[in-house]
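The values are calculated or read from the model by the stated rules, or taken from the named source; none is laboratory data. Quick caveat: nothing in here was measured; it's all calculated off a predicted structure. Here Cβ is always computed from backbone atoms with ideal geometry, including for glycine, and neighbour counts include all displayed protein chains.
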Amino acid sequence: MVSNSSNSYEVAIVGGATAGLSAALTLGRTLRRTIVLDGGEPRNKPAAHAHNFFTRDNTPPSELLRIAREQLQPYDTVHLRQAFVTTAAKEGNGFVLGTESGEQFFAQKLILTTGVNDDLAPIPGLAGLWGDRVIHCPYCHGYEVRRLPVCVIANGEAAEHYAVTLSNWHSGITFLTNGENRISTEMQEKFKEKGYKVNTSPIASLERSGQGVAIQLENGELLETGAVYYRPEKVLFRNSLAEQLGCEISPEGVVTVNAVYETTVPGVFAAGDLTHPGLHQLYMAAAGGHLAGTNANRILTQEAW
Ligand SMILES: Cc1cc2nc3c(=O)[nH]c(=O)nc-3n(C[C@H](O)[C@H](O)[C@H](O)COP(=O)(O)OP(=O)(O)OC[C@H]3O[C@@H](n4cnc5c(N)ncnc54)[C@H](O)[C@@H]3O)c2cc1C
């Protein structure tokens with residue numbers, strides 16, 4: 001298929017959630033012919049509400065994106081499409097994208113905002129409670145569970161990190177190491193001082209129990225708690241687009257970007273969770289998308305000047 005005016009854009013954004021729609025807003029306002037291709041699976045989809053987002057605290061994630069899409073409607077150079085992009089390659093002065101359904105799109109600049117996937121441990125019941133009673137980020141959901149007893153599924157440094165972070169929200173936390181305890185001796189002393197418990201039994205299953213969670217341990221104990229903190233050991237890219245394009249992946253496993261959110265491949269920008277090893281917040285995604293959009297526009301303008 002060849003490039004024509006209907007499938008050719010100045011900028012293509014792959015991923016149309018917080019980072020992608022933020023980039024699209026900037027590109028609409030800078031008059032850029034832009035296509036947003038989105039698979040419709042934002043990372044925070046399982047959560048009932050998004051928190052800690054200026055002016056939109058406690059808003060359902062789907063509502064945030066609905067407002068973002070609605071506010072893009074006046075910008076007639078921006079086109080939103082539901083599509084999953086499977087291939088990306090350099091072609092001439094730009095890039096060609098191929099979708100699962102066989103469509104092709106051409107663009108002078110690309111912005112990757114495809115986020116990451118949480119690689120959840122295979123504990124029965126965990127996935128069904130993820131984003132609901134099993135939470136990972138106290139800045140996102142800590143306030144809502146502040147008065148509840150909580151368990152933390154974590155071991156070693158991850159448990160130590162949670163212990164310090166959560167100490168301002170909770171006392172009397174139970175840590176479930178799900179096997180041999182790898183928490184340092186020094187920290188175990190501190191845990192005792194704080195009244196934290198450590199249970200090393202492997203976890204058999206989690207299930208909803210009223211407003212909370214029942215945790216069945218393999219040693220026969222049944223723990224009832226209000227909420228569970230758990231952070232997946234790994235977050236994974238949702239596709240191989242960055243690798244297909246030859247973008248550098250940092251030792252932390254994220255796409256390397258410079259101060260203007262351009263990757264190591266000129267003309268390819270990236271923003272949102274896939275560019276941060278840790279700062280996985282809606283703010284950061286929105287800010288990154290905005291900067292990627294601004295700089296894609298700036299470079300297009302300079303090239304045309
Ligand atoms: C359970 C949970 C709750 C959270 N709650 C909060 C909160 O309350 N407050 C907060 O600040 N942060 C919260 N976060 C973090 C927040 O969700 C992320 O920081 C944010 O979603 C990152 O936005 P993003 O645009 O980079 O990626 P995402 O939101 O993950 O969006 C990526 C988009 O790209 C699409 N996509 C992926 N691959 C392709 C492809 N090949 N082709 C087309 N489209 C593709 C996906 O379908 C998706 O729509 C939460 C995270 C989780 C896991």
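Here is a list of conditions, (1) in a loop (DSSP other than H, G, I, E, B); (2) more than 16 Å from the ligand (Cβ to nearest atom); (3) touching a Leu at 6+ places or on another chain (Cβ under 8 Å), and Thr114 meets all of them except one; can you say which number that is?
In the conditions (1) in a loop (DSSP other than H, G, I, E, B); (2) more than 16 Å from the ligand (Cβ to nearest atom); (3) touching a Leu at 6+ places or on another chain (Cβ under 8 Å), Thr114 misses (2) alone.
Just checking, which of Val134, Val150 is at pLDDT 95 or above, within 11 Å of the ligand (Cβ to nearest atom) and more than 27 Å from Val255 (Cα to Cα)? Steps first, please.
Numbers: Val150 fails: within 11 Å of the ligand (Cβ to nearest atom).
Just one listed residue meets the conditions, Val134.
Just the residues that are away from the ligand (no atom under 16 Å from the Cβ) and assigned to a loop (DSSP other than H, G, I, E, B), please, taken from the range 224-249.
Passing the criteria: Gly226, Gly246, Glu248.
Determine which single condition Gln216 fails, assuming it passes every other condition in (1) touching a residue at least 40 places away in the same chain (Cβ under 8 Å); (2) in a strand (DSSP E or B).
(1)
Any residue in the range 35-59 that is outside the structural domain of Ala285 (by TED's automatic domain parsing) sitting within a Cβ distance under 9 Å of a residue that is of a type in the set (Asp, Glu) and more than 9 Å from the ligand (Cβ to nearest atom)? List the pairs, counting only those 6 or more apart or interchain.
none
Is it fair to say Leu37 is on the phi < 0 side of the Ramachandran plot, in contact with a Leu (Cβ under 9 Å, 6 or more places away or on another chain) and more than 6 Å from the ligand (Cβ to nearest atom)?
Working: on the phi < 0 side of the Ramachandran plot: yes; in contact with a Leu (Cβ under 9 Å, 6 or more places away or on another chain): yes; more than 6 Å from the ligand (Cβ to nearest atom): no.
No.
Looking only at the range 135-150, how many residues end up being within 14 Å of Ala50 (Cβ to Cβ) and hydrophobic (A, V, I, L, M, F, W, C)?
Matching residues across the range 135-150 total 3.
Could you give every pair whose Cβ atoms fall below 7 Å, whose first residue belongs to the range 91-109 and is in a loop (DSSP other than H, G, I, E, B), and whose second residue is more than 14 Å from the ligand (Cβ to nearest atom), counting only separations of at least 6 or pairs across chains?
Filtered contacts from the range 91-109: Asn93/Gln108.
Filter the range 122-138 down to residues that are surrounded by fewer than 15 Cβ atoms within 10 Å (Cβ to Cβ) and touching a Pro at 6+ places or on another chain (Cβ under 6 Å), then give me how many there are.
0
Do we find that Arg56 is part of a helix (DSSP H, G or I) and within 15 Å of the ligand (Cβ to nearest atom) in this structure? It would help to see each step written out before you state the result.
Values: part of a helix (DSSP H, G or I): no; within 15 Å of the ligand (Cβ to nearest atom): yes.
Spelling it out, it is not the case that Arg56 is part of a helix (DSSP H, G or I) and within 15 Å of the ligand (Cβ to nearest atom).
Do we have Ala259 as more than 8 Å from the ligand (Cβ to nearest atom), assigned by TED's automatic domain parsing to the domain that holds Ala19 and of a type in the set (A, V, I, L, M) here?
Working: more than 8 Å from the ligand (Cβ to nearest atom): yes; assigned by TED's automatic domain parsing to the domain that holds Ala19: yes; of a type in the set (A, V, I, L, M): yes.
Here the answer is yes, as Ala259 does meet what is asked.
Confirm whether Ala83 is of a type in the set (A, V, I, L, M, F, W, C), near the ligand (Cβ under 9 Å from one of its atoms) and out of contact with any helix residue (DSSP H, G or I) (no Cβ under 8 Å at 6 or more places or on another chain).
Details: of a type in the set (A, V, I, L, M, F, W, C): yes; near the ligand (Cβ under 9 Å from one of its atoms): yes; out of contact with any helix residue (DSSP H, G or I) (no Cβ under 8 Å at 6 or more places or on another chain): yes.
Against the criterion (of a type in the set (A, V, I, L, M, F, W, C), near the ligand (Cβ under 9 Å from one of its atoms) and out of contact with any helix residue (DSSP H, G or I) (no Cβ under 8 Å at 6 or more places or on another chain)), Ala83 qualifies.
Is there a residue being assigned to a loop (DSSP other than H, G, I, E, B) and buried (at least 21 other Cβ atoms within 10 Å of the Cβ) anywhere in the range 139-162?
First pass over the range 139-162, keeping only residues assigned to a loop (DSSP other than H, G, I, E, B): 142, 146-149, 154-155.
If we keep only those that are buried (at least 21 other Cβ atoms within 10 Å of the Cβ) as well, we get 154.
Yes, some residue in the range 139-162 is assigned to a loop (DSSP other than H, G, I, E, B) and buried (at least 21 other Cβ atoms within 10 Å of the Cβ).
Do any residues in the range 182-196 that are assigned by TED's automatic domain parsing to the domain that holds Gly172 have Cβ atoms under 8 Å from those of residues that are in a loop (DSSP other than H, G, I, E, B) and loosely packed, with under 13 Cβ neighbours inside 10 Å, where the two are at least six apart or on different chains, and which pairs are they?
If the second residue must be in a loop (DSSP other than H, G, I, E, B) and loosely packed, with under 13 Cβ neighbours inside 10 Å, the pairs left are Lys194/Ser171; Gly195/Ser171; Gly195/Gly172; Tyr196/Gly172.
How many residues are without any contact (Cβ under 8 Å) to a residue 60 or more places away in the chain, among the hydrophobic types (A, V, I, L, M, F, W, C) and not in a helix (DSSP H, G or I) when one looks only at the range 255-305?
Summing the residues that are without any contact (Cβ under 8 Å) to a residue 60 or more places away in the chain, among the hydrophobic types (A, V, I, L, M, F, W, C) and not in a helix (DSSP H, G or I) in the range 255-305 gives 5.
Residue-by-condition table, conditions (1) among the polar types (S, T, N, Q); (2) closer than 30 Å to Ile111 by Cα; (3) surrounded by 14 or more Cβ atoms within 10 Å (Cβ to Cβ):
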| site | (1), (2), (3) |
| --- | --- |
| Leu176 | no, no, yes |
| Gln211 | yes, no, no |
| Glu233 | no, yes, no |
| Phe237 | no, yes, yes |
| Gly246 | no, yes, no |
